[in-house]
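Just below is one structure, and these are the notes that go with it.
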Amino acid sequence: MKANKKIFNSLKYVSMISQLGISVIAPAIVCIWGAIWIKSKFNLGDWVVLVGIFLGLASGICSFINYMKMFLKDMEKEQKEYEDKFKF
């Protein structure tokens with residue numbers, strides 16, 4: 001039973017790390033791609049791509065912060081359950 005719980009926890013953390021990577025990288029890629037498309041479609045200057053880069057980085061950072069808040073909340077919950085389990 002303990003082995004199953006260890007495997008479950010390992011898979012849980014692997015999935016959390018991969019989700020973090022996707023949630024940070026995807027907004028940046030989409031914003032940069034969109035800025036390049038807007039630049040070519042409307043014949044605008046390179047400043048549009050810079051705005052896209054900054055928006056992508058900002059959204060990636062916001063996504064990272066929100067994800068870390070969720071992760072820390074989950075870790076606090078697990079710690080509380082662990083402490084309650086071994087409380088005398």
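What follows is calculated from the coordinates using simple rules that are stated; it is not laboratory data. Just so you know, these numbers come straight off a predicted model, no measurement behind them. For neighbour counting, all protein chains shown are included, and Cβ atoms are generated from backbone atoms with ideal geometry for every residue, glycine included.
Would you calculate, for the chain, the mean residue ellipticity at 222 nm contributed by helices, counting each DSSP H stretch of 4 or more residues as -39,500 (n - 2.57) and dividing by all residues, to the nearest 500?
Roughly -33500 deg cm²/dmol at 222 nm, from the helical runs in the chain.
Using Cα atoms only, what is the angle between the long axis of helix 2-42 and the major principal axis of the chain, expressed in degrees (0 to 90) to the nearest 10?
Once rounded, the angle reads 10 degrees.
Please give the peptides 76-82, 34-40 ranked by average Cβ packing (other Cβ atoms within 10 Å per residue), highest first, as a rough proxy for protection. Don't jump to the answer; show the numbers that get you there.
On the way: 76-82: 10.0, 34-40: 14.7.
So the peptides 76-82, 34-40, ranked by packing, come out 34-40, 76-82.
Using Cα springs under 10 Å in a Gaussian network model of the chain, which residue among 72, 20, 55 shows the largest mean-square fluctuation?
Looking only at 72, 20, 55, the biggest GNM fluctuation is shown by 72.
For helix 47-85, what angle does its Cα long axis make with the longest principal axis of the chain, in degrees from 0 to 90 and rounded to 10?
So the inclination is approximately 10 degrees.
How high is the relative contact order of the stretch 1-58, given as a whole-number percent (alpha carbon pairs under 8 Å, six or more residues apart)?
Numbers: 29 pairs, mean separation 18.8, N = 58.
Taking the mean separation of contacting Cα pairs over the length of the stretch 1-58, I get 32 percent.
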